[in-house]
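Laboratory data are not the source of any read-out in this text; all were calculated from the coordinates shown. As the structure is a computational prediction, the values presented were derived from the model and not from experiment. Virtual Cβ from ideal backbone geometry, glycine too; neighbours counted across all protein chains shown.
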Amino acid sequence: MNAPWKSGGGQGRGQFAAYMCDDASLDVLRPIAVEMGWPSEMCNRGGLRNAVQSLSISASPNILMVDLSESGDPLNDINALAEVCEPGTVVIAVGQVNDVRLYRDLLASGIQDYLLKPLTPGVVRDTLAQAQAVFSAPRGHEAGTARSHFSTAVIGTRGGVGASTLATSLAWLFSADDKLPTALLDLDIHFGTGALCLDLEPGRGLTDAIENPSRIDGLFIERAMIRANDNLAILSAEAAIGTPLMTDGSAFIQLEEEFRQAFEMTVIDMPRNMLINFPQLLANVNAVVLVVEMTLASARDTIRMLSWLKANASHARVFVVANKVQPSLAEITKADFEASIETTLQVTIPYDLKAASLAAKLGRTFADTNRGNRAGTAICDLARMILDESGDTATVTSEAVTGGAGVKPSLLGKLDLKAFMGKAVAKKETAPR
């Protein structure tokens with residue numbers, strides 16, 4: 001069905017078809033269809049199920065209007081319609097249920113609009129004119145058009161550092177502020193929060209892709225991804241806890257390839273265990289956002305991951321980002337942390353519990369909800385750095401990854417644990433009792 005990242009050719013397809021359940025709706029629709037130059041015979045009696053049966057044996061039109069009034073499960077029936085619709089079809093649904101949740105779910109499934117009965121000529125005329133404009137609008141990914149693509153992986157050094165919060169915020173900023181067609185791939189198959197952060201149901205798209213990698217193509221991407229706004233689509237999952245992840249990673253590679261064809265930006269929320277199990281996922285990633293916290297364990301893992309990235313993904317630009325920073329409560333100071341990992345922190349995001357709670361309550365990304373505070377501004381700065389990098393994807397030298405050259409000191413030497421523990425003891429002894 002329709003989506004801003006899918007193209008749809010018009011060759012060999014009708015311009016319009018409608019399937020309505022009642023004569024009153026047909027009486028309103030037919031004269032308008034004639035006004036727009038479409039045959040009135042294309043306004044058929046019968047609802048969504050009749051449309052599915054008809055389109056399963058014939059090409060779908062450029063613009064399709066379907067009646068959901070007789071549908072017991074509109075969302076599942078719309079998914080069945082997606083199976084028989086060709087890419088690029090602009091779908092308008094009609095129904096008699098006035099429910100905001102249903103309206104949002106239908107839009108997220110890929111339809112253009114949802115009209116309530118009884119239909120009025122003015123509303124129908126305006127909706128069809130808008131559908132024509134959507135179908136006729138030029139799409140940057142059509143054949144013959146050169147398209148650049150930039151992929152960013154967001155990886156947390158420890159659980160709970162806020163990597164998913166940053167991934168959803170970056171994807172939202174790319175799509176909403178910069179108007180770039182963006183895909184968000186949440187690879188935490190069992191406990192992913194990509195869709196949850198945007199108050200969306202994840203659907204079964206990602207689990208279907210893992211189970212049947214051969215099905216992954218442009219049409220699958222269009223049907224399986226959940227749309228968060230006009231330029232952002234999400235592929236996430238909430239797989240059953242009792243179902244282990246059984247894949248060789250081929251599905252993820254295929255998804256990345258389809259994203260390169262359909263979007264301009266990809267943001268991958270990549271748990272660190274996925275990095276270990278499927279290192280090939282970083283083969284075509286342009287940037288890595290390594291999310292850290294000011295703790296001893298995170299410093300150790302940052303050193304190890306930077307070393308791994310240098311050896312296995314030297315082509316990617318690495319941004320080391322400290323999140324949830326509370327200087328007065330940090331185990332390690334910023335200066336000691338940077339000395340340990342032998343590189344500077346590109347971005348430092350302060351801890352803001354109230355801001356995070358507000359975003360969760362509103363069902364919006366952290367960056368979208370908190371643009372004015374220090375944490376939100378820091379995330380916007382990170383997004384700008386990545387976009388600046390997307391203009392020049394030259395290979396990064398090893399010094400850029402590790403922060404310097406020379407003989408690699410031991411882990412204990414980097415962390416200077418003796419000095420660190422001495423400071424902690426002195427601080428404890430001088431604290432007021």
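General observations
- Sum of side-chain charges, T369 neighbourhood, beta-carbon under 13 Å (Lys, Arg +1; Asp, Glu -1): +1
- C-alpha center-to-center spacing [segment 202-275, segment 50-91] in angstrom: 24 Å
- Pairs of Cα atoms nearer than 8 Å and 6+ residues apart set the relative contact order; for segment 262-345 it is 34 percent.
- Dimensions of segment 16-136 along the principal axes, based on C-alpha atoms and rounded to the nearest Å, stand at 33, 31, 26, largest first.
- Around Q280: net Lys/Arg minus Asp/Glu count, Cβ-Cβ under 13 Å: -3
- Overall Cα dimensions of segment 150-418, principal axis frame, Å, largest first: 56, 42, 38
- At R0 = 35 Å, FRET efficiency that the Cβ-Cβ distance of A335 and N277 yields, to 0.05: 0.50
- Placing a label point 7 Å from the Cα of N312 along the Cα-to-Cβ line, the residues of segment 248-277 whose backbone N sits under 14 Å from it are 249, 270-277.
- Rough spin-label spacing in nm, given labels placed 7 Å along Cα→Cβ, for T247 and Q261: 1.8 nm
- 5 angstrom amide H check on I349, placed H, neighbours 5+ away: A322, N323, K324, V325
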